[in-house]
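Undergrad: Dumping the structure here so I can ask a few things about it.
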Amino acid sequence: MHHDSPDPMMAASFQRTPSRDDSDNATDHSVEDSGHEGAAEGGSSAVVQSLQDVEEDPPTPSHDGSEEAGDMEDALYEKLKDAIMEAGSLRHEAYEETRRRQKADRDLADVSMMARDAESSYHGEARRRKEMEESLARERAAVEQDRRELDAILEKIREVDNRSAELELQISDSGRVMGELDVRMSESCSVLDALRREHRGEEPAADEESMPAVDGGDQSVSFLQLGLLELEEATDRFNESTMIGGASAGSRGRVYRGSLRGMSVAVKMICPDVAVHEARFGRAVDAIARARHPNIVALVGACPEARAVVHELVPGGSLEDRLGGEAPPLPWHARCGIAYRTCSALAYLHSTATVHGDVRPTNILLEDEQCSSSKLAGLGMPGFVAPPQLPSGVALAYVEPRYLATGELTPQCDVHALGVVLLCLVTGMPAFAAKKAAQKANDGSTPWHEVVDATAGGWPMERATEVALLGLKCCDAVETGGPHRPAELLDEALSVLEAATDATPGRTWSSLSASTASDSGGAPSYFLCPIL
């Protein structure tokens, strides 16, 4: 087959077409990768250039070789087609390579951004860690400062404890000395009374012989003779605001707080509806005046006109107030101290053949909220009333059964009442309930730890049981193997209470004895000299 030689315009057309296509492809698909586009265009241009060379230098056909020339044209045509196809393939490969490069660039940009974010997070975490370390260092410094301050405080506390122990020893010594001085003063007063009566040539009255003297003699002791006007002035005309304990303070009288001749006093007025034997009133007051003991409320004076007696004021309230109501609970060592002082006062009275006759929590007065001391009040009240009146209500729980039958006051009456007080101190219950609970515990029906007052705080169960059994023995509510003399029971009570007090760290029975002598370091101003 014969083919005409390619037209130069056609060759140029072939040359222009691939160049435009390559340029368009490079413009549309790749701006960033010019190197690969250049390579593709270079390949296409080389093919076109070869075609142009063929056209410009065609073989000269011979006259006798027309068939050979036609075969040559066919070969050239095929080469041209192959070149065009190769150029298209190169353009496609260049396009794909450009896309791969662009994708790689985008991935690289994403990775770079992630790296920057990670670096920013790292710096932020490092900053926060540094701040946390600085804060921890400050906290450690503060804790160390607190520890040093605490060590300093503990050191001061140890110094105070050591000083307190020294002061307790001094107080104990001072109390012992004051007790000795008080005994000597009582002996001196007795001697002075005897000398005065001997000087006057007086004989004791027949009625006085029937009333035992507190100090073992039958002499009278002087006291302040007060008038009604003076008592009214001292109590603001018996204003109800000065009343101690309200109207229920006692069934036989009312007690008022007052100030008399520079002293704080308590004025007890016997109720008008209570019969008072006038002669017995004077003798009862005289007997009270002779009772000088650190744990017995001291008599200041009396007013027969108003049927009133004036005592020293004990400002801490009564044991009845502390065991009931909303008052702070009493710790067990304070309860032992109160019981010890009450027992000591009764032992003193019984040693002088005197019966108190009205021992109950209402008549046990406390010096302060810490119960550093306590005093027994109400001495002589049964002697004011003629005939004696039987108590009623709550007070009946403290009355010895034989007294209800005979009406005779004996030391056993005081011991029985003391036993009920001990049971109230151990259980924290009212009198009747305390006695019943202690009996059940002694019979084994109730464990002792359920009976002992938990608000007393850590009371040693063995000591609490001993005190409760002692209370039952004083009440004759437990088999004791025979009758006991009141003096023996009081001695046993003192021994048991001493042991219970010794179980308290830093406290001994001697410190209790010392605190009973005088809290101010000297004899009270209302201990009056009998010769004045």
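Undergrad: Among the residues that make up the range 451-464, is at least one of them part of a loop (DSSP other than H, G, I, E, B), in the same structural domain as S344 (by TED's automatic domain parsing) and modelled with pLDDT of 90 or more?
TA: Scanning the range 451-464 turns up at least one residue that is part of a loop (DSSP other than H, G, I, E, B), in the same structural domain as S344 (by TED's automatic domain parsing) and modelled with pLDDT of 90 or more.
Undergrad: Now for a different question. Pairs needed: first member in the range 388-417, of a type in the set (K, R); second member anywhere, at pLDDT 85 or above; C-beta distance under 9 Å; at least 6 residues apart or different chains.
TA: Note: pairs meeting the criteria are R402/E408; R402/T410; R402/Q412; R402/C413; R402/H416.
Here is a yes/no grid of residues against (1) among the basic types (K, R); (2) surrounded by 11 or more Cβ atoms within 10 Å (Cβ to Cβ); (3) not assigned by TED's automatic domain parsing to the domain that holds S373:
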{"site": "E97", "(1), (2), (3)": "no, yes, yes"}
{"site": "R106", "(1), (2), (3)": "yes, no, yes"}
{"site": "H123", "(1), (2), (3)": "no, no, yes"}
{"site": "A137", "(1), (2), (3)": "no, no, yes"}
{"site": "A141", "(1), (2), (3)": "no, no, yes"}
{"site": "E166", "(1), (2), (3)": "no, no, yes"}
{"site": "D173", "(1), (2), (3)": "no, yes, yes"}
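Undergrad: Consider the range 294-347. How many of its residues are among the basic types (K, R) and in contact with a Ser or Thr (Cβ under 6 Å, 6 or more places away or on another chain)?
TA: Final tally of qualifying residues: 1.
Undergrad: In the range 357-373, what residues are touching a residue at least 60 places away in the same chain (Cβ under 8 Å) and within 30 Å of T406 (Cβ to Cβ)?
TA: Result: V359, R360, P361, T362, L365.
Undergrad: With respect to G282, determine if the residue is outside any helix (DSSP H, G or I) and of a type outside the set (S, T, Y).
TA: So G282 fails the test.
Undergrad: Something else now. Looking at the range 210-222, is at least one residue over 28 Å from L349 (Cβ atoms) and either at pLDDT 75 or above or β-branched (V, I, T) (or both)?
TA: no
Undergrad: Let me ask another. Can you tell me which residue among G407, G457, G419, G428 is within 38 Å of the chain's Cα centre (by Cα) and surrounded by fewer than 16 Cβ atoms within 10 Å (Cβ to Cβ)?
TA: G457
Undergrad: Tally the residues that are under 14 Å from Q225 (Cα atoms) and part of a strand (DSSP E or B), restricting the search to the range 285-316.
TA: Count: 9.
Undergrad: Can you name the residue in the range 322-348 that is without any contact (Cβ under 8 Å) to a residue 60 or more places away in the chain, in a loop (DSSP other than H, G, I, E, B) and not small (G, A, S) and is also farthest from A493 (Cα to Cα) among such residues?
TA: For the range 322-348, the residue satisfying everything is E326.
Undergrad: Let me ask you something else. Tell me, please, whether a residue that is surrounded by 19 or more Cβ atoms within 10 Å (Cβ to Cβ), out of contact with any Leu (no Cβ under 6 Å at 6 or more places or on another chain) and small (G, A, S) can be found in the range 343-366.
TA: yes
Undergrad: Now, a different point. Anything in the range 428-441 that is part of a helix (DSSP H, G or I) and out of contact with any Lys or Arg (no Cβ under 9 Å at 6 or more places or on another chain)? List them, or say none.
TA: F432, A433, A434, K435, K436, A437, A438, Q439, K440, A441
Undergrad: Where residues in the range 348-380 are within 13 Å of R292 (Cα to Cα) and of a type in the set (A, V, I, L, M, F, W, C), which of them is farthest from the chain's Cα centre (by Cα)?
TA: Only one residue tops the list, namely L349.
Undergrad: Which condition from (1) among the charged types (D, E, K, R); (2) modelled with pLDDT under 80; (3) out of contact with any Phe, Trp or Tyr (no Cβ under 9 Å at 6 or more places or on another chain) is the one that R140 breaks?
TA: The number of the failed condition is (2).
Undergrad: Checking the conditions here, which among A500, A487, A395 is within 30 Å of G253 (Cβ to Cβ), part of a helix (DSSP H, G or I), at pLDDT below 95 and out of contact with any strand residue (DSSP E or B) (no Cβ under 8 Å at 6 or more places or on another chain)?
TA: None of the others qualify; the one that does is A395.
The values are calculated or read from the model by the stated rules, or taken from the named source; none is laboratory data. Keep in mind that what you see is a predicted model, and the values were worked out from it rather than measured. Reconstructed Cβ throughout: ideal geometry from the backbone, glycine too, with neighbour counts over all protein chains shown.
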